[in-house]
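See structure below.
What follows draws every value from the coordinates through simple rules; no lab data is involved. Everything quoted here is computed from the prediction, not taken from an experiment. Neighbour counts run over all protein chains shown; Cβ positions are idealised from the backbone, glycine included.
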Amino acid sequence: MTTVEWGLPVVAKYLFGGLSLGAFVTYYLSQGFGVKSFRPLAKLAWISAAVFGLAIPIPIFSHLGQPGRWYTLLYSFHWTSPMSWAGPILIAYLVLVLLNGRFFFYEDVVRAYRSATGVRRTALRVLLITKPPEGSIPPSSRVGLNVTGLAAFVCVLFFGYTGLELGILQSHPLWANPVNPVMFLLTGVFSGMAWVFLLWLALSARTAPVGEKAALLRSPALPALLALFLGFNGVFYVSLAYESPEVRDAVSVLATGELSGMFLWLGIVAGTLVPTVLLAANAVVRTSRGAVAALAYVLVLVGAFAQKYGFVVGGQALGTGGGEAPTTLWPSTGAVVEFLAILALLYFLFQLALWLSPWSSGAAPAKPAAAKEASA
């Protein structure tokens with residue numbers, strides 16, 4: 001029995017990358033673009049972007065022929081190979097996100113450091129980088145916050161390379177489409193945003209002011225992105241219907257073939273269309289329901305996984321360059337166990353990040369008109 005070369009580990013890598021991308025965009029809507037309604041999400045969004053970002057390369061370790069040399073992926077680079085861009089872009093993104101977090105959380109971390117003990121105090125001291133101030137806490141550097149935030153946001157846009165690296169493989173007709181980078185960016189944005197909304201509902205919604213909660217539950221951002229994605233899929237499908245027979249055969253695997261249940265019905269219908277309707281309806285009713293929104297967010301996350309699995313695996317369904325097609329498009333038991341183990345590790349990382357960071361010390365601070373004290 002032959003399986004696809006790029007299976008569940010690669011899908012997980014793309015999924016985590018999209019979630020980190022979308023979480024950082026959600027954070028930057030507040031801190032960079034000044035969207036006030038998203039300010040309560042900023043801290044959880046930054047934490048999500050950092051944790052998912054750190055998790056991006058983990059699924060690939062077991063996929064390598066020599067896992068002990070995984071670190072070479074982080075610095076190997078060649079201008080003509082989009083696949084080699086992953087490491088440098090990821091390193092730049094993570095460094096910028098972590099530096100941005102130092103400026104963003106500075107005052108909260110100083111307060112937490114002063115009251116913390118043991119391991120948490122040591123960890124908070126490392127996060128501060130500079131010597132903790134005594135007495136009054138000076139404001140963090142606005143220049144540092146803005147520069148690192150903008151640079152990280154630019155790196156987020158370059159995460160579209162994940163669609164490009166598939167698109168250069170002309171032997172896979174389904175992948176060879178110039179729309180791929182846009183689709184990967186769009187799915188990443190709305191899946192990461194859905195995760196942040198869901199995390200906020202689970203951790204902060206009960207204590208949030210009524211007006212703040214209503215504004216977030218009625219936010220048009222996520223349903224608008226989902227509707228845009230549905231529109232792109234419609235255009236994508238129509239354009240591919242006029243392509244070569246090889247491309248049409250590849251599309252049929254997702255539309256009516258073995259992966260139609262995963263990609264079309266779970267990924268597009270249940271994971272995109274249904275949440276769009278639920279969130280749009282929840283935004284116009286007199287009293288928005290948190291349970292309805294939570295269901296929609298969960299469906300979006302499940303749908304994001306189904307879309308990526310269908311697209312990545314479905315693109316290999318017909319073989320490469322006339323070669324032998326895989327006999328199964330589904331992951332082995334071992335691959336599923338590895339994926340569940342990675343999810344368990346991800347859960348631990350989130351628990352560690354939430355325990356360590358002072359995310360619950362109130363809403364994200366507003367931008368001050370002027371800093372009278374010396375910057376940190």
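Please give the Cα centre distance for segment 215-253 versus segment 87-128, rounded to the nearest Å.
Between the Cα centre of segment 215-253 and that of segment 87-128, the gap is 39 Å.
What does a probe at Ala224 reach in segment 22-44, counting residues whose amide N is under 19 Å from the point 7 Å along Cα→Cβ?
Once the point is set 7 Å along Cα→Cβ of Ala224, 22-42 turn out to lie under 19 Å by backbone N, inside segment 22-44.
Which whole-Hz couplings ³J(HN,Hα) result when phi for each residue of segment 103-112 is put into the Karplus expression 6.51 cos²θ - 1.76 cosθ + 1.60, θ = phi - 60°, listed in order with x for Gly and Pro?
Values per residue, Gly and Pro as x: 6, 5, 8, 3, 5, 5, 5, 4, 4, 5 Hz.
Label Glu5 and Phe232 with points 7 Å out from Cα along Cα→Cβ: what is the distance between them in nm?
Roughly 2.6 nm, to one decimal.
Which FRET efficiency value, to the nearest 0.05, do you get for Gln351 and Arg248 by plugging their Cβ-Cβ distance into 1/(1 + (r/R0)^6) with R0 = 51 Å? Intermediate results must be reported in sequence, preceding the final value.
Details: r = 47 Å, r/R0 = 0.92.
Step by step, r from the Cβ atoms, then E = 0.65.
Quick one: order Lys131, Lys308 by neighbouring beta-carbon count within 10 Å, fewest to most.
On the way: Lys131 7, Lys308 25.
Final ranking by Cβ density, sparse to dense: Lys131, Lys308.
Neighbour counts of other C-beta atoms within 10 Å: give me Arg248, Arg206 arranged from fewest to most. Mind showing how you got there, number by number?
Working: Arg248 14, Arg206 9.
Fewest-to-most ranking of Arg248, Arg206: Arg206, Arg248.
Work out from phi, with θ = phi - 60° and the Karplus expression 6.51 cos²θ - 1.76 cosθ + 1.60, the ³J(HN,Hα) of each residue of segment 306-311, listed in order in whole Hz, and give x for Gly and Pro.
Once rounded to whole Hz, the list reads 5, 4, 5, 5, x, 6.
Contour minus end-to-end for Val302 and Lys131, with contour as 0.36 nm per residue of separation and end-to-end as the Cα-Cα distance? Before the final figure, lay out the partial values.
Working: separation 171, 0.36 × 171 = 61.56 nm, distance 4.35 nm.
That pair, Val302 and Lys131, stretches by 57.2 nm at full extension.
In nm, to one decimal, how far is the modelled label at Ser332 from the one at Ala214, with both set 7 Å along Cα→Cβ?
5.6 nm
Calculate, in whole percent, how much of the Cα-Cα pair population of segment 8-356 lies beyond 31 Å. Mind dumping the intermediate values first?
On the way: 22122 of 60726 pairs.
That tail contains 36 percent of the Cα-Cα pairs.
Which whole-Hz couplings ³J(HN,Hα) result when phi for each residue of segment 281-290 is put into the Karplus expression 6.51 cos²θ - 1.76 cosθ + 1.60, θ = phi - 60°, listed in order with x for Gly and Pro?
Once rounded to whole Hz, the list reads 5, 5, 7, 9, 6, 4, 10, 6, 9, x.
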